[in-house]
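So the structure is just underneath, and the comments pick up after that.
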Amino acid sequence: MSKLRFATAWLGGCSGCHMSFLDLDEKLIDLADKIELVYSPIADVKEFPERVDVTLVEGAVANLDNLKLAQEIRARSRLVVSFGDCAVTGNVPSLRNKLGVDDLLTAVYHEGPGRHPTGGDAIMPRLLPKVLPLHQVIKVDAFLPGCPPDAERIWIAVSALLAGEPVVLEPSMRTFG
Ligand code: SF4
């Protein structure tokens, strides 16, 4: 039986959702029998691949790099899961861009004492005017809230997705809870 092509991605989040994913511990070995991990910060693959079956997306959409990756994920994934509260609601990252973080970064990297590194605009992705939850940018197939979602709930969700089982329906969103 061919393995499902599985991905995880990290946008504007703290990586805590990925840490919770790693808390699956020995269940990761069971998972490895069923999936091929084709993209993840854990695997350090540079380009998001084609023909992905399931992608868990951690974090909100905070800058142009996040936006581009979210659009690639949607175009190349059969199922996209909004993974954790930052992706589902924007959470803490949603507070920041409107506070003038872009100005702060410019001051630090272009006008600060060391002026280092130079070329900040080229090496730092441009911030969006507002940090957005994932479903405001791309269509999302299921939501897995929590900050972070605990490992047991991640396991329930991933097991259901891999088995092709329907997700639980709640008002206005499909969610695992
Ligand atoms: Fe971190 Fe919580 Fe956001 Fe996950 S939902 S990326 S744990 S802040």
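On the stretch given as region 46-79, residues that are assigned to a strand (DSSP E or B) and within 16 Å of the ligand (Cβ to nearest atom) total 8.
Going by the structure shown, is residue 47 over 19 Å from residue 141 (Cβ atoms), more than 11 Å from the chain's Cα centre (by Cα) and exposed (fewer than 12 other Cβ atoms within 10 Å of the Cβ)? Break it down stepwise before answering.
Details: over 19 Å from residue 141 (Cβ atoms): yes; more than 11 Å from the chain's Cα centre (by Cα): yes; exposed (fewer than 12 other Cβ atoms within 10 Å of the Cβ): yes.
Answer is yes for this residue.
Within region 133-160, the set of residues being within 20 Å of residue 68 (Cα to Cα) and either within 14 Å of the ligand (Cβ to nearest atom) or surrounded by fewer than 16 Cβ atoms within 10 Å (Cβ to Cβ) (or both) comprises 133, 134, 136, 139. Looking only at region 89-102, decide whether some residue is surrounded by 16 or more Cβ atoms within 10 Å (Cβ to Cβ) and aliphatic (A, V, I, L, M). The answer is no; no qualifying residue exists. Listed by first and then second residue, the pairs linking a residue in region 75-92 that is of a type in the set (Phe, Trp, Tyr) to a residue that is within 16 Å of the ligand (Cβ to nearest atom), with Cβ atoms under 6 Å apart and 6 or more places separating them unless they lie on different chains, are 83/17; 83/56; 83/57; 83/58; 83/144.
Out of region 40-90, which residues are among the charged types (D, E, K, R) and at positive phi? Those that are among the charged types (D, E, K, R) and at positive phi: 44, 51. The residues of region 1-44 that are surrounded by 12 or more Cβ atoms within 10 Å (Cβ to Cβ) and assigned to a loop (DSSP other than H, G, I, E, B), listed by number, are 3, 11, 13, 14, 15, 23, 24, 40, 41, 42.
For residue 101, are the conditions met, namely being hydrophobic (A, V, I, L, M, F, W, C), within 23 Å of the chain's Cα centre (by Cα) and modelled with pLDDT of 85 or more? So residue 101 fails the test.
Being touching a residue at least 24 places away in the same chain (Cβ under 8 Å) and β-branched (Val, Ile, Thr) is a property that residue 106 lacks. Contact annotation: residue pairs with Cβ atoms under 9 Å, 6 or more positions apart or on different chains, pairing a residue in region 1-27 that is closer than 21 Å to residue 70 by Cα and near the ligand (Cβ under 9 Å from one of its atoms) with a partner that is among the hydroxyl-bearing types (Ser, Thr, Tyr) and assigned to a loop (DSSP other than H, G, I, E, B), are 10/40; 18/40. For region 13-30, a residue qualifies if it is out of contact with any Ser or Thr (no Cβ under 9 Å at 6 or more places or on another chain) and closer than 18 Å to residue 83 by Cα, and the qualifying residues are 13, 14, 15, 16, 19, 20, 22, 23, 24, 28. State all residues of region 48-80 that are polar (S, T, N, Q) and at pLDDT 95 or above; if no residue qualifies, say none. Within region 48-80, 55, 66, 71, 77 qualify.
The values are calculated or read from the model by the stated rules, or taken from the named source; none is laboratory data. This is a predicted model, so every value here is computed, not measured. Cβ atoms come from the backbone with ideal geometry, glycine included; neighbour counts cover every protein chain shown.
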